Amino acid sequence: MRTDYCGLISERLLDQTVELNGWVHRRRDHGGVIFIDLRDREGVVQVVIDPDTPEAFATADKVRNEFVLRISGRVRRRPEGTTNANIVSGQIEVFAKSIEILNASLTPPFQMDEENLSETVRLTHRVMDLRRPEMLNNLKLRYRFTMAVRRYFDAQGFIDVETPMLTKSTPEGARDYLVPSRVHHGEFFALPQSPQIFKQLLMVAGFDRYYQIVKCFRDEDLRADRQPEFTQIDVETSFLGEREINDIMECMIRTVFSEVLSVDLPEFPRMTWQEAMDRFGSDKPDLRVTLELTELTDAMKDVAFKVFSGPATTPGGRVAALRVPGGAALTRGEIDGYTEFVKVYGAKGLAYIKVNDASKPNEEGLQSPIVKNLHPQALATILERTGAQSGDLIFFGADRAKVVNDAMGALRLRVGHEKGHLDGRKWAPLWVVDFPMFEFDEESRGWTAMHHPFTAPKDGHEDLLETEPGKALAKAYDMVLNGSEIGGGSVRIHREEVQSKVFAAIGLTQEQARTKFGFLLDALQYGAPPHGGIAFGVDRIVAMMAGSDSIRDVIAFPKTQRAQCLLTQAPSPVDEKQLRELHIKVR
């Protein structure tokens with residue numbers, strides 16, 4: 001029905017007859033001559049209809065926005081002064097010989113070029129929303145991204161293997177989506193949070209290099225960068241060490257950014273988890289922000305100010321400072337706003353010192369209610385360690401280390417971006433490595449795996465699994481870009497006796513481990529090779545490449561923050577007959 005896409009009509013087709021299909025993006029009547037901007041997935045072309053073609057003109061007079069048309073016409077140059085250098089078809093127009101209305105349209109809920117649409121309207125009318133050029137471009141970008149990924153892994157000898165969607169419920173850090181079995185009454189499948197176990201089994205089976213672009217499911221609280229169903233690039237390799245895996249994956253991301261965006265990413269520095277937490281309060285630091293945290297815990301143990309000395313003398317406490325160059329110009333209202341902001345992360349408040357004169361480390365040169373409660377040596381140490389100059393401001397966090405890290409890390413980002421403390425880079429990648437094996441869960445009063453329970457400990461840390469789990473480090477690594485974790489993985493445990501120690505450390509009895517992971521434990525006893533891998537978040541990476549703050553902008557049919565699809569009205573009730581077949585009663 002067509003010879004070319006609208007958006008690809010150019011001067012190469014001058015004086016040729018073309019057949020076009022598309023939607024009416026805009027219709028204009030200019031005193032007897034009708035102009036139609038016809039749109040398809042590749043863009044827009046201008047179509048001209050004049051009264052010399054009466055049948056086409058009569059049809060054009062009836063069309064409205066979003067009508068579907070078939071147009072036959074001759075390509076000609078636009079008149080001088082009417083060209084548009086921003087689009088492929090900007091030098092030409094199509095003089096219509098015939099127009100056929102393939103389908104009419106109701107008045108659309110919004111115009112395709114309308115700005116500031118509410119997300120509720122967009123998601124309710126998602127089919128119309130996807131017609132907008134920016135959404136078309138986002139999904140085409142996503143397609144180019146996944147194709148570049150596939151080409152890279154194919155060239156590196158990786159094999160794409162599908163893994164099951166209906167599987168066994170296993171503890172992986174979030175709630176499972178459960179699927180009741182009609183055949184096996186009272187039993188349930190789970191939708192996979194990741195293909196983790198299956199890709200390890202593929203390594204035991206000898207596939208050596210596996211990848212998959214796969215849907216995963218997690219029933220967890222949502223926000224802009226989370227969805228109940230999301231897509232990840234899942235990768236696993238055998239007979240490669242931690243650094244070798246990192247090098248292959250870094251090359252993949254470099255290659256994809258080069259092919260898709262024509263961007264040459266800078267070198268990926270490597271940073272330990274502990275250094276990241278000490279300097280930035282986050283295990284996914286945005287290195288474009290030039291502000292850093294300064295450790296003060298040891299220097300605050302003997303001050304009279306209990307807000308500082310309390311955490312400084314309590315195991316697991318931390319006191320840290322954030323120097324803001326030129327921050328003395330902040331108003332009280334701005335400081336109060338930042339104080340309320342850190343409370344979201346569990347901080348009780350936000351102490352600060354304005355450095356009016358750095359040469360006078362006392363109440364004469366420093367402005368703050370807390371100065372009088374800090375002895376001269378403590379004040380001198382604060383100025384020395386932070387490097388504060390006259391005109392700066394120093395914020396302080398003092399609490400349990402997690403609260404300080406969360407609050408001050410978030411404050412660093414907010415102040416850095418709002419006040420322009422950036423180094424000018426568009427892209428700032430890095431590897432964060434040497435994560436702790438476990439983190440302590442205050443609620444259960446026990447250890448939980450920081451990544452997942454299949455992560456291998458660092459060489460020489462195996463004995464710590466039984467004696468001091470909190471000191472054991474993992475062969476785990478995250479790839480971070482602009483303050484977002486875009487990929488995470490680890491070298492896996494390939495020996496059954498080490499896997500059993502990890503299960504014991506997180507409180508799983510042998511019976512529980514056998515019930516949940518017996519098939520994996522059995523497989524590890526049949527010559528499992530050393531193996532490791534990583535998973536990348538497709539939605540997050542593509543959203544960053546598209547310059548969007550929300551992954552919903554790069555997913556064709558996403559869910560809302562309440563895990564609902566406004567287009568299809570899912571989830572929805574099911575009839576009683578279906579429930580009876582599943583032996584389920586809603587209570």
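Points worth noting:
- The H on the amide N of Ala456, modeled in the peptide plane, is under 5 Å from the matching H of Lys475, Val491, Arg492, Ile493, each at least 5 residues off or on a different chain.
- Note, ³J(HN,Hα) from phi for segment 184-195, Karplus 6.51, -1.76, 1.60, rounded to Hz, x at Gly and Pro: 10, 4, x, 10, 9, 8, 10, 6, x, 6, 6, x
- Computed over protein heavy atoms with a 1.4 Å probe, the carbon and sulfur contribution to the accessible area of segment 1-141 reaches 49%.
- Separation of alpha-carbon centers, segment 329-347 and segment 1-28, rounded to whole Å: 55
- Highest-first arrangement of 185-194, 438-447, 16-25, where packing means the average Cβ count within 10 Å: 16-25, 185-194, 438-447
- One decimal place: the segment Leu8-Glu162 gains 51.8 nm when fully extended, by the rule 0.36 nm per residue minus the C-alpha distance.
- Tensor-based shape of the chain (alpha-carbon gyration tensor, a/c under 1.5 rounded, otherwise prolate or oblate): oblate
- Segment 203-303: trypsin sites (Lys or Arg not before Pro) falling in loop per DSSP and having at most 10 other Cβ within 10 Å: Arg223
- Candidate aspartates and glutamates for bridging to Lys97, where Cα separation is under 20 Å - those fewer than 8 sequence places away on the same chain excluded: Asp4, Glu11, Asp15, Glu19, Asp29, Asp37, Asp40, Asp50, Asp52, Glu55, Asp61
- Excluding same-chain neighbours fewer than eight residues apart, the lysines reachable from Lys215 by a Cα-Cα span under 20 Å are Lys140, Lys168, Lys199, Lys559.
- Taking N as the residue count of segment 314-376, its C-alpha radius of gyration divided by 2.2 N^0.38 Å amounts to 1.23.
- Net dipole in debye of the chain [+1 Lys, Arg Cβ; -1 Asp, Glu Cβ; about Cα centre; nearest 20]: 940
- For the chain, the membrane-span-like helices by this rule, meaning whole DSSP H stretches whose C-alpha atoms cover at least 27 Å of axis and whose Kyte-Doolittle mean is -0.5 or above, are 242-261; this says nothing about an actual membrane.
- Protection-proxy order for peptides 339-349, 305-315, each taking the mean of Cβ atoms within 10 Å per residue, highest first: 305-315, 339-349
- Value of relative contact order over segment 135-222, rounded to a whole percent, pairs C-alpha under 8 Å and six or more apart: 31
- Listed peptides 244-252, 161-169, 479-487 appear in the order 479-487, 244-252, 161-169 once ranked by packing, highest mean of other Cβ atoms within 10 Å at the front.
- Helices in the chain, meaning DSSP H runs of at least 4 residues, each add -39500 (n - 2.57). Divided by all residues, the mean residue ellipticity at 222 nm is -8500 deg cm²/dmol.
- Our analysis of segment 16-114 gives Rg over Rh at 0.94, with the two radii drawn from alpha carbon positions and Rh computed by the Kirkwood formula.
- Accessible-area composition of segment 203-342, carbon plus sulfur, in percent [1.4 Å probe]: 50
- At most 16 other Cβ within 10 Å, DSSP loop - trypsin sites (Lys or Arg not before Pro), segment 467-516: Arg495
- Of the chymotrypsin sites (Phe, Trp or Tyr not before Pro) found in segment 519-551, those that fall in a DSSP loop while having at most 14 other beta-carbon atoms within 10 Å are Tyr526.
- In the context of the full set of protein chains, segment 515-584 has a per residue accessible area of 51 Å² (1.4 Å probe).
- Around the Cα centre of segment 221-358, unit charges on the Cβ atoms of Lys, Arg, Asp and Glu (plus for the first two, minus for the last two) sum to a dipole of about 860 debye.
- For segment 306-451, the number of Lys pairs with C-alpha atoms closer than 22 Å, counting only pairs eight or more positions apart or on separate chains, is 13.
- Environment charge at Val44 (Cβ cut-off 14 Å; Lys +1, Arg +1, Asp -1, Glu -1): 0
The values are calculated or read from the model by the stated rules, or taken from the named source; none is laboratory data. This structure is a prediction, so every number in the text was calculated from the model and none was measured. Glycine gets a Cβ as well: all are built from the backbone with ideal geometry, and neighbour counts include every protein chain shown. What goes into the accessible areas is simple: the full protein's heavy atoms, side chains included, and nothing from ligands, DNA or RNA. Shrake-Rupley method; radii C 1.70, N 1.55, O 1.52, S 1.80 Å.
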